[in-house]
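Notes to accompany the following structure.
Just so it is clear, none of the values below were taken in a lab; they were calculated from the coordinates. Predicted, not measured: the structure shown is a model, and the values here were computed from it. Ideal geometry is used to build each Cβ from the backbone, glycine not excepted, and the neighbour counts take in all protein chains shown.
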């Protein structure tokens, strides 16, 4: 992901392209910087502050009480565990998909490659509707799973995981794919002539190269799915202690007018997501420093 | 025989890339495959390594049929032009990669790494990463990596192509020395004839997937059988002629036929003379070789240690010839553009005529 970090890191907002106009030092550059910083402040920093102020309005004790209520703990745990399960599955399958897309030819590959991005574009609410139509108790699939295997998809954890798998589908693929494309194929050829089996070649040659991209994709999809709401409310409903995730819990508290509880749980969700993004940045930093 | 190719062929889609190549390479030989880009020389190397599957033919390595074996089972050492070192591994880890796959114990691996580092003269570089090395150093590490597990044969695909001229010359002589010291059998692919002349035991000329001719460097240069070889290696002056009796007739001019060219008797031929085999003189009597006629000097160009003279041969053909003269020759002859001189050939060779 060196390219990404370059885009974020090395492009200097203040730098002006050479132009025929005489360069006025200071104003243009500072003006642009001021605009960027205010934009960030108004739309990100202030809302963040408000949530935190609201969550901590009655002190740490109340904050702690709000997030340690059994419903809140259950909701947060469900969010984190389903997101983790999704992340593990999507990291493995996403890496595999990226590898297949880069290395192999097959009919319909271009279409496949386009479809990968679709979850970015579909409203997640629609994803929920699609899943209900597919796994609902009246459908063939839903009936089969329920009666033959005794697995309930809707209004339960499996439904949430499936929804999240869809929502988080593109992240790892789109992170790993460019790195694989850039990789010198002679490296794997040389590993083969040296005597490495395909598995050893993957483990010792390919994996170390794509690992940072895999982690970036995994963390991004994790952060994204932690905040997922639309598809979950449709697929899993809102059953406290059972299918109520963190975001759905927050929604319920907002509906009930309990802004303090909503803010407290939101803060926890924010904190976890924030940790994930910081993790990505630190990794990019380290890679940058090494090169 | 260390490497034996028997009727090897390969096509991509319906495009033949390697056509019916057969050649035997002896143990300890450094064989250079010389051809232009797109001639199929790299494909041939990949076929030998098993990185590509062949369409037809047989490949033997050390008398074992490896045609159906995977690259892992063939045990070749491959060196690419772009080094292809594992960038996340140190120099030592790169070199011992083949040994760790073969589950060789650590002390033995360390021993081997230090031996190889000494061989490539990079002692003390164990813990560097490839990114910290120059191109030439990286290529030496790539060579050590390919040698570590004692491969059956060494395959080098334009190994010096990405390097500066000076380092290239030095590195190929290092390679030659190592190859001879260890008695390695190696195939080196290149488009650089100077490189081929410098290190090859034998050269194979490849054109459009066909292995046209195999021979020692001087033999291929002096006495090629194919017109392509004659023109591909160095500069060639080619003159249409006819061999009759013990003479060759170039239009109205008669010169003696070279020895051992009876197979061309009574046939149209082409006379090949290298620029350094062409001599010029002011008078007919001073000619050091067989006179082929008079010519006009078109240009005299400085070419390092020699001067390249372009001549227009007078007569019905009106051919342009190249001659390579020493500066003192040019001074003695007092050559100038537009001047008329006698052209003679000190040595010449015959090729089957391309005109049917």
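Below are the figures for this structure:
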| read-out | value |
| --- | --- |
| Shape category assigned to segment B:3-136 from the gyration tensor of Cα positions, a/c cut at 1.5 | prolate |
| Cα-projected label distance for residue B:20 with residue A:33, points at 7 Å along beta-carbon direction, nm | 7.4 |
| Isotropic mean projected area of the C-alpha convex hull, the protein assembly as shown (nm²) | 46.1 |
| Cα-based helix-to-principal-axis angle, B:135-147 vs chain B, degrees rounded to 10 | 70 |
| FRET efficiency for residue A:281 and residue B:262, using Cβ-Cβ distance with R0 set to 60 Å, rounded to 0.05 | 0.15 |
| Spin-label model distance (nm) - residue A:138 vs residue B:218, 7 Å beyond Cα toward Cβ | 9.5 |
| Residue order, fewest to most beta carbons within 10 Å, for B:166, A:105, B:112 | A:105, B:166, B:112 |
| Listed residues A:262, A:75, A:29, most fluctuating in chain A (Gaussian network, C-alpha, under 10 Å) | A:29 |
| Relative contact order, percent, chain A [alpha-carbon distance under 8 Å, six or more residues apart] | 30 |
| Which of A:106, B:12, B:197 has the fewest Cβ neighbours within 10 Å, and the rest in rising order | A:106, B:12, B:197 |
| Rounded tilt (10° steps) of B:165-182 against the dominant C-alpha axis of chain B | 70 |
| Rg/Rg_globular for chain B, with Rg_globular taken as 2.2 N^0.38 Å and Rg from C-alpha atoms | 1.21 |
| For B:78-87, mean number of other protein chain Cβ atoms within 10 Å | 5 |
| Chain B, relative contact order [Cα under 8 Å, separation at least 6], % | 16 |
| Diffusion coefficient, µm² s⁻¹, Stokes-Einstein with Kirkwood Rh over alpha-carbon pairs of chain A at 25 °C and 0.890 mPa s | 111 |
| Potential lengthening between residue A:84 and residue A:202 on full extension [0.36 nm per residue; Cα-Cα distance subtracted] | 40.1 nm |
| Residue with peak Gaussian network fluctuation, chain B [Cα springs, cutoff 10 Å], from B:177, B:144, B:230 | B:177 |
| Chain B: angle of helix B:106-119 to the longest principal axis, Cα-based, in degrees nearest 10 | 20 |
| Shielding of A:191-204 by partner chains, average beta-carbon count, 10 Å | 6 |
| Protection proxy ranking, peptides B:205-218, B:41-54, average beta carbon neighbours within 10 Å, highest first | B:41-54, B:205-218 |
| Calculated FRET value between residue A:130 and residue B:73, using beta carbons and R₀ = 51 Å, to 0.05 | 0.55 |
| Average beta-carbon neighbours from other chains, 10 Å sphere, peptide A:175-184 | 1 |
| Cα→Cβ-extended label distance, 7 Å offset, between residue A:45 and residue A:96, nm | 4.6 |
| Fewest-first sequence of B:254, B:103 by Cβ atoms within 10 Å of each Cβ | B:103, B:254 |
